[in-house]
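Below is one structure; the comments refer to it alone.
The values are calculated or read from the model by the stated rules, or taken from the named source; none is laboratory data. For clarity, every value in this text was computed on a predicted model and none was experimentally measured. Glycine also receives a Cβ, built like all others from the backbone with ideal geometry; neighbour counts cover every protein chain displayed. Heavy atoms of the whole protein, side chains included, go into the accessibility calculation; ligands, DNA and RNA do not. Shrake-Rupley method; radii C 1.70, N 1.55, O 1.52, S 1.80 Å.
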Amino acid sequence: MFFASDNTSGVPDSILSALAQANSGYASGYGTDAFMGQVRARIRALFEAPEAEVFLVTTGSAANALALASYCPPWGAVYCHALAHIEVDECGAPEFYTGGAKLTHVAGNSGKMEPQALREALAQAGRGVVHNVQPGILSLTNLTECGTRYSVSEISELAAIAKSHGLPVHMDGARFANALVAEGCSPADMSWRAGVDVLSLGGTKNGLMGVEAVILFDPARAWEFQLRRKRGGHLWSKHRYLSAQMAAWLEDDLWLDLARNANAMAARLETGLEGCAELLFDRGGNMLFAKWPSGLHRQLQVAGAEYFLWPDHQNLDGPDDLPISARLVCSWNTQPSDVDNFVQWINKQV
Ligand SMILES: *Cc1c(COP(=O)(O)O)cnc(C)c1O
């Protein structure tokens, strides 16, 4: 009953065997290996973006912070949701790598920015006033931190508002694959065609050991990105071990199959919980949020269930009947029996 995060799962055997194969013989370093050529070609084809540049890093925080730094000056504002990973979970890396850009919240329910709130934030930005940070970049997360999903038209609307103020658009796609298969659109539709300029494409949560791609749809930004990646200590020397993983993940659409399993398991969990817990937010992919009494949480923990309370600063010290929310995440490797055990267990108690 492991629903703490999609990063608690391992990697598929095919990724491990791709690594074993990549381990034989010699390969040139720093991203000049043949696997990286395959990754670049495959991403360009998948995203229908023959000019796009692709770089790999090993954490989502590095992907986001380096992407933002390449598009936003130190005196810029990064417009994001208050719950955004870049705001809450990256220990100031975006501020550090941009050299001090100011993360600026845009309101909206369920982890999604309201277009009107973005319009207002930009209208009040003080462009041209030397005392104010200047509008820098819009950063959207899909799936969002609340497990909801921006549709293609919602992304397009927000991106168009940003563009009307001359701003580029970043997408934190730690769960891009989950959003993509749920939305049922093409990678291009959910990225550059909707106005996204730079995408952090998450691999780790969806079956890799620790690989994230940054896709720059404007190749003119690539050189600066490369310098920043090296300067930030994120250019891997034995790079083939990153590129071989991602090449195998993209082959035969494995990345989409893995995301489909995660989403299907979350759907199964949602159905199972419908009668016995209060579900929060519209599930956009492989995460769901639900509320039940504190006493039941304690019993579930004794039974070995693993998940985070949400928001995670809560505790279970209160009375038994105090409702507390939980975040439940399914992964590429979640089994139907994992879900069914959890659901049965909860149903027995209520
Ligand atoms: C997990 C996650 C990341 C990446 O986090 P790292 O721990 O730095 O790899 C980025 N954005 C979101 C929304 C995430 O959930």
message: Between Phe96 and Glu120, what is the label-point separation in nm under the 7 Å Cα-to-beta-carbon projection?
response: 3.4
statement: Across 10 Å bins beginning at 0, the whole-percent shares of Cα-Cα pair distances in the chain come to 6, 25, 31, 24, 12, 2, 0
- request: May I ask you to compute the full-extension gain from Leu279 to Gln335, defined as 0.36 nm times their residue separation minus their alpha-carbon distance, rounded to one decimal in nm?
  value: 18.0 nm
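For the chain, what does -39500 (n - 2.57) per DSSP helix run (n ≥ 4), summed and divided by total residues, give at 222 nm, in deg cm²/dmol to the nearest 500?
-12000 deg cm²/dmol
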- prompt: Taking Cα centroids, how far is the stretch 48-74 from the stretch 269-327 in Å?
  reply: 35
message: Need the list of aspartates and glutamates near Lys163 for cross-linking: C-alpha distance under 19 angstrom, and skip anything on the same chain fewer than eight residues off.
response: Glu114, Glu120, Glu154, Asp172, Asp189, Asp197, Asp218
- line: Restricting to aspartates and glutamates and to Cα separations under 20 Å from Lys348, and discarding same-chain partners fewer than 8 apart, the set is Glu270, Glu274, Glu278, Glu306, Asp320, Asp321, Asp338, Asp340
- request: Report relative contact order for the stretch 255-349 in percent, whole number only (criteria: Cα-Cα under 8 Å, sequence separation at least 6).
  value: 38
- prompt: How many Å² of accessible area per residue for the chain, probe 1.4 Å?
  reply: 42
field: Percent accessible area from carbon and sulfur atoms, the chain, protein chains only, probe 1.4 Å
entry: 51
- prompt: Pick from Lys291, Lys230, Lys112: which residue has the top mean-square fluctuation in a GNM of the chain where Cα pairs under 10 Å get a spring?
  reply: Lys230
Antiparallel DSSP beta bridges within the chain, as percent of all bridges there, nearest 5: 55
- prompt: Shape of the stretch 255-349 from its Cα gyration tensor (a ≥ b ≥ c, root eigenvalues): rounded if a/c is under 1.5, otherwise prolate when a/b > b/c, or oblate?
  reply: prolate
query: Once phi is turned into ³J(HN,Hα) by the Karplus curve 6.51 cos²θ - 1.76 cosθ + 1.60 with θ = phi - 60°, what whole-Hz value does each residue of the stretch 102-108 show in order, with x for glycine and proline?
result: 9, 6, 10, 7, 10, 6, x
task: Compute, for His165, the solvent-accessible surface of its heavy atoms (probe 1.4 Å) with the complete set of protein chains present, and express it in square angstrom to the nearest 10.
output: 60
query: Which residue, chosen from Thr98, Leu56, Ala27, occupies the Cα position most advanced towards the positive end of the dipole of the stretch 1-110, where the dipole is computed from +1 (Lys, Arg) and -1 (Asp, Glu) charges on Cβ about the Cα centre?
result: Ala27
message: Counting only GluC sites (Glu not before Pro) that sit in a DSSP loop (anything but H, G, I, E, B) with at most 13 other Cβ atoms within 10 Å, what is the longest stretch of the chain containing none of them?
response: 52-273
